[in-house]
1. Look through the range 20-30, keep the residues that are among the charged types (D, E, K, R) and out of contact with any strand residue (DSSP E or B) (no Cβ under 6 Å at 6 or more places or on another chain), and return whichever of them is farthest from Leu74 (Cα to Cα).
2. Kindly provide the set of residues from the range 20-39 that are surrounded by fewer than 16 Cβ atoms within 10 Å (Cβ to Cβ) and out of contact with any Asp or Glu (no Cβ under 8 Å at 6 or more places or on another chain), ordered by number.
3. Where residues in the range 40-49 are closer than 16 Å to Ile88 by Cα and not small (Gly, Ala, Ser), which of them is surrounded by the fewest Cβ atoms within 10 Å (Cβ to Cβ)?
4. Ala110 is checked against (1) among the small types (Gly, Ala, Ser); (2) assigned to a strand (DSSP E or B); (3) modelled with pLDDT of 95 or more and fails just one. What number does that condition carry?
5. Would you mind finding the one in Leu106, Leu124, Leu100, Leu160 that is farther than 23 Å from Val27 by Cβ and buried (at least 19 other Cβ atoms within 10 Å of the Cβ)?
6. Exactly one of (1) among the hydrophobic types (A, V, I, L, M, F, W, C); (2) assigned to a loop (DSSP other than H, G, I, E, B); (3) over 21 Å from Leu16 (Cα atoms) is unmet by Ala159. Its number?
7. I'm told Glu47 meets every condition in (1) charged (D, E, K, R); (2) in contact with a strand residue (DSSP E or B) (Cβ under 6 Å, 6 or more places away or on another chain); (3) modelled with pLDDT under 95; (4) assigned to a strand (DSSP E or B) except one. Can you identify the failing condition by its number?
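The values are calculated or read from the model by the stated rules, or taken from the named source; none is laboratory data. As the structure is a computational prediction, the values presented were derived from the model and not from experiment. Cβ: placed from backbone, ideal geometry, glycine included. Neighbour counts: every protein chain shown.
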Amino acid sequence: MSRIGEAIRQERDFYLARMTEHDLLEVVEIEETCGLSRWGWEAYHAELTGNRNSIMLVARGRGGLGAPHGYRVLGFIAARLVAGELHINNVAVRHECRRLGMGRALLGTAIKEAVRRGAHAAFLEVRAGNEAAQALYMRCGFRVAGRRAAYYTHPREDALVMSLSLLSPA
């Protein structure tokens, strides 16, 4: 494990915050290093500034050189509410910071906010070969609801559609 990951594990030195325009360069860097489908700076900026139904959060923690006030973006989630459903577009955590609870914290916080805003279900797509992400989503209560053939490009791969009911059991 890297020094950053070790420090975060020891101190639990990360916190969640709403994504801002100042976070976007690091968000795009994480997107690129994690192999997510490319959105890029412009798409994140448009979603952040032009869609009042978006839920965009970052996990910040002690970073390295150049991190403002000693903190940098370690992970993020970009999601949107549409017709009472939370659509999770992207979730990513820096490789050296994985398995520290950040992904789960980002998902959980976005889901709580969606419920607060009246959402009744959450959906996402995940690469069929991304077993680590699928395991995280399943730990958060998501279940496979379907498959989209050749959904991803670069490389071409199927997507699993996963869903989570946000309604309280009766």
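1. Pass one, the range 20-30, residues among the charged types (D, E, K, R): 21, 23, 26, 29.
Narrowing the set further to residues that are out of contact with any strand residue (DSSP E or B) (no Cβ under 6 Å at 6 or more places or on another chain) leaves 21, 29.
Details: Glu21: 15, Glu29: 10 Å.
Restricting to residues being among the charged types (D, E, K, R) and out of contact with any strand residue (DSSP E or B) (no Cβ under 6 Å at 6 or more places or on another chain), the top hit is Glu21.
2. So in the range 20-39, the residues surrounded by fewer than 16 Cβ atoms within 10 Å (Cβ to Cβ) come out as 20-22, 25, 29, 32-33, 35, 37-38.
Of everything in the range 20-39, those that are surrounded by fewer than 16 Cβ atoms within 10 Å (Cβ to Cβ) and out of contact with any Asp or Glu (no Cβ under 8 Å at 6 or more places or on another chain) turn out to be Thr20, Glu21, His22, Leu25, Glu29, Glu32, Thr33, Gly35, Ser37.
3. Of everything passing the filter in the range 40-49, Leu48 is surrounded by the fewest Cβ atoms within 10 Å (Cβ to Cβ).
4. Unmet condition: (2).
5. Details: Leu106 fails: farther than 23 Å from Val27 by Cβ; Leu124 fails: farther than 23 Å from Val27 by Cβ; Leu100 fails: farther than 23 Å from Val27 by Cβ.
Sole residue among the options that is farther than 23 Å from Val27 by Cβ and buried (at least 19 other Cβ atoms within 10 Å of the Cβ): Leu160.
6. So Ala159 meets the others, but not (2).
7. (4)
Conditions (1) outside any loop (DSSP other than H, G, I, E, B); (2) modelled with pLDDT of 95 or more, marked per residue:
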residue	(1), (2)
Met138	yes, yes
Ala150	yes, no
Ser163	yes, yes
Pro169	no, no
